[in-house]
Amino acid sequence: MSVRVGILGATGAVGQRFVQLLEDHPTFDIAALTASPASADKRYRNAAKWRVNTPIPDDIATMRVRETSVEALEDVDLDLLFSSLPSSVAADIEPELCEAGYVVSSNSSNERMAEDIPLTIPEVNADHLDLIETQREERGWDGALVKNPNCSTITMVPTLAALDRFGLSRVHVATLQAVSGAGYSGVTSMEILDNALPHIGGEEEKMETESRKLLGDVDDGELSLHDVEVSASCNRVATLDGHLENVFAELEENPSAEAVHEALGSFEGIDLPSAPDHPIHVFEEPDRPQPRLDRMRGKGMQISAGGLRETAAGIQYNCLAHNTIRGAAGASILNGELLANEGWV
Ligand code: NAP
């Protein structure tokens with residue numbers, strides 16, 4: 001089976017990761033690329049300032065970049081769209097595309113918390129795709145919109161899902177986030193070198209709210225949030241890729257560090273082409289995971305954890321994920337694979 005996919009915002013940091021990750025995909029074939037009007041009608045190799053560490057696939061390099069609109073996609077057959085547009089742009093165009101019948105798997109932050117939009121990590125809450133029925137009824141769409149969470153949220157939430165069996169009550173997290181998370185034009189070298197930035201606009205709120213939705217339940221097409229309290233402090237540091245996070249999780253059953261180690265390491269995966277066999281790898285070494293050494297585990301799709309200890313504020317551990325792979329393009333692709341697997345595409 002071949003699934004014909006389009007990438008919206010294909011020239012950006014996340015868009016380039018889509019192109020790279022889809023190069024050898026077993027079923028997804030890139031059939032359209034879009035970007036801003038400034039890039040439209042250019043060949044992809046001229047429009048994208050290519051910065052990922054493998055060459056642009058030959059067939060993509062010469063593909064024409066389209067404008068991002070329903071009309072610009074009319075002459076191409078597409079089964080699925082991946083979106084890595086700025087959220088201000090996505091807020092207008094994604095609903096138009098869904099109304100026109102497209103199924104969109106999106107990275108952008110608009111509508112992530114809407115009650116009828118699935119916000120999914122396939123290993124955590126695949127059943128939230130049921131919200132598509134509600135979405136179609138309420139919005140009158142023939143297509144569908146599914147979101148993946150923010151990159152800092154997706155790094156932590158699978159570990160919390162693994163620990164929920166102990167009664168998750170309160171979580172404190174501090175992040176050390178890579179510069180690629182801000183996009184190519186996000187942070188200048190003058191700002192970040194020899195420095196750390198203790199504020200990332202809106203990021204704390206995203207971690208605090210999206211986590212509760214991801215860990216929540218969907219019953220009869222209705223969403224209820226998990227009642228865990230999450231408090232986050234988000235920091236930008238001078239790593240290129242890979243968000244490292246220090247988590248303190250208060251668990252009702254007060255499990256030992258050994259029991260938490262076992263729960264994280266045995267967290268079950270999902271059978272999808274881009275999913276790692278084991279979603280979480282747990283290190284024994286206290287000084288791992290580290291961004292430079294560990295971000296590419298499982299082709300960038302595995303989450304790493306380590307440094308487990310019992311503290312007065314609950315279990316403390318560190319976790320890490322590649323922010324533009326597991327935290328963005330890879331997350332959307334995994335959601336696309338889930339949509340295809342469940343017959344929505
Ligand atoms: P980026 O590097 O700035 O790329 C933005 C893309 O959108 C480019 O292809 C750009 O095309 C296109 N675009 C800009 N304005 C447009 C317009 N008016 N109409 C149509 N296309 C337009 O940003 P990014 O880092 O890839 O992030 C993309 C999205 O993913 C954002 O919503 C971001 O919040 C989210 N996200 C990013 C990360 C991350 O780690 N970077 C993680 C999770 C989620 P041109 O090249 O023509 O300007």
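Does the stretch 304-329 hold any residues that are of a type in the set (A, V, I, L, M) and away from the ligand (no atom under 15 Å from the Cβ), and which are they?
Of everything in the stretch 304-329, those that are of a type in the set (A, V, I, L, M) and away from the ligand (no atom under 15 Å from the Cβ) turn out to be 305, 308, 312, 313, 315.
Name the single residue that is farthest from residue 273 (Cα to Cα) among those in the stretch 313-334 being assigned to a strand (DSSP E or B) and among the polar types (S, T, N, Q). Please lay out each step first, then the result.
Kept after step one, since they are assigned to a strand (DSSP E or B), are these residues of the stretch 313-334: 314-321.
When the remaining residues are screened for being among the polar types (S, T, N, Q), the result is 316, 318.
On the way: 316: 32, 318: 27 Å.
Applying the filter and picking the extreme gives 316.
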| query | Right, residue 86: surrounded by fewer than 16 Cβ atoms within 10 Å (Cβ to Cβ) and within 13 Å of the ligand (Cβ to nearest atom) or not? | reply | yes
| query | How many of the residues making up the stretch 28-56 are touching a residue at least 24 places away in the same chain (Cβ under 8 Å) and over 18 Å from residue 76 (Cβ atoms)? | reply | 9
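Among the residues of the stretch 306-345, which ones are of a type in the set (Gly, Ala, Ser) and either over 19 Å from the mean Cα position of the chain (by Cα) or surrounded by fewer than 24 Cβ atoms within 10 Å (Cβ to Cβ) (or both)? Spell out the reasoning first.
Taking the stretch 306-345 first, the residues of a type in the set (Gly, Ala, Ser) are 306-307, 312-314, 321, 327-332, 336, 340, 343.
If the condition is that a residue be of a type in the set (Gly, Ala, Ser) and either over 19 Å from the mean Cα position of the chain (by Cα) or surrounded by fewer than 24 Cβ atoms within 10 Å (Cβ to Cβ) (or both), then 306, 307, 312, 313, 314, 340, 343 are the ones that fit.
Answer yes or no as to whether residue 37 is part of a loop (DSSP other than H, G, I, E, B) and more than 14 Å from the ligand (Cβ to nearest atom).
Numbers: part of a loop (DSSP other than H, G, I, E, B): yes; more than 14 Å from the ligand (Cβ to nearest atom): no.
Answer is no for this residue.
Looking at 310, 337 in this structure, which one is more than 23 Å from residue 81 (Cα to Cα) and either touching a residue at least 60 places away in the same chain (Cβ under 8 Å) or not in a helix (DSSP H, G or I) (or both)? Quick ask: steps written out before the conclusion?
Working: 337 fails: more than 23 Å from residue 81 (Cα to Cα).
Result of the check over 310, 337: 310.
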| query | Here are some conditions: (1) in the same structural domain as residue 214 (by TED's automatic domain parsing); (2) more than 16 Å from the ligand (Cβ to nearest atom); (3) crowded, with 23+ Cβ neighbours inside 10 Å. Residue 169 meets all but one. Which one does it not meet? | reply | (3)
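Collect the residues in the stretch 168-210 that are among the hydrophobic types (A, V, I, L, M, F, W, C) and part of a helix (DSSP H, G or I), keeping them in residue-number order.
179, 182, 190, 192, 207, listed by residue number.
Looking only at residues in the stretch 62-72 that are over 15 Å from residue 47 (Cβ atoms) and part of a loop (DSSP other than H, G, I, E, B), which one is farthest from the ligand (Cβ to nearest atom)? Break it down stepwise before answering.
Step one: list which residues in the stretch 62-72 are over 15 Å from residue 47 (Cβ atoms), which gives 69-71.
Restricting the remaining residues to those that are part of a loop (DSSP other than H, G, I, E, B) gives 69-70.
On the way: 69: 8, 70: 13 Å.
Here the answer is 70.
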| task | Check whether at least one residue in the stretch 102-125 is over 19 Å from the mean Cα position of the chain (by Cα) and either over 30 Å from residue 310 (Cβ atoms) or within 16 Å of the ligand (Cβ to nearest atom) (or both), and report yes or no. | result | yes
| query | How many residues, within the stretch 1-34, are away from the ligand (no atom under 11 Å from the Cβ), part of a loop (DSSP other than H, G, I, E, B) and not β-branched (Val, Ile, Thr)? | reply | 6
| said: Out of the helices (runs of 4 or more DSSP H) lying entirely within the stretch 73-167, which hold 3 or more residues that are more than 30 Å from residue 262 (Cα to Cα)? | reply: 87-99, 131-139
| request: For the stretch 112-132, state whether one or more residues are more than 20 Å from residue 209 (Cα to Cα), out of contact with any strand residue (DSSP E or B) (no Cβ under 7 Å at 6 or more places or on another chain) and in contact (Cβ under 8 Å) with a residue 40 or more places away in the chain. | output: no
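Going by the conditions given, is residue 51 within 13 Å of the ligand (Cβ to nearest atom) and at pLDDT below 95? Don't jump to the end; show me each part of the working.
On the way: within 13 Å of the ligand (Cβ to nearest atom): yes; at pLDDT below 95: yes.
In short, yes.
Are any of the residues in the stretch 251-273 modelled with pLDDT of 95 or more and assigned to a strand (DSSP E or B)? Steps first, please.
To start, the set of residues in the stretch 251-273 that are modelled with pLDDT of 95 or more comprises 251-273.
From what is left, the residues that are assigned to a strand (DSSP E or B) are 251.
Yes, the stretch 251-273 contains a residue that is modelled with pLDDT of 95 or more and assigned to a strand (DSSP E or B).
To keep it simple, each residue is scored yes or no on (1) in contact with a helix residue (DSSP H, G or I) (Cβ under 8 Å, 6 or more places away or on another chain); (2) surrounded by 17 or more Cβ atoms within 10 Å (Cβ to Cβ).
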site	(1), (2)
222	yes, no
281	yes, yes
285	no, no
288	yes, yes
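The values are calculated or read from the model by the stated rules, or taken from the named source; none is laboratory data. This is a predicted model, so every value here is computed, not measured. Here Cβ is always computed from backbone atoms with ideal geometry, including for glycine, and neighbour counts include all displayed protein chains.
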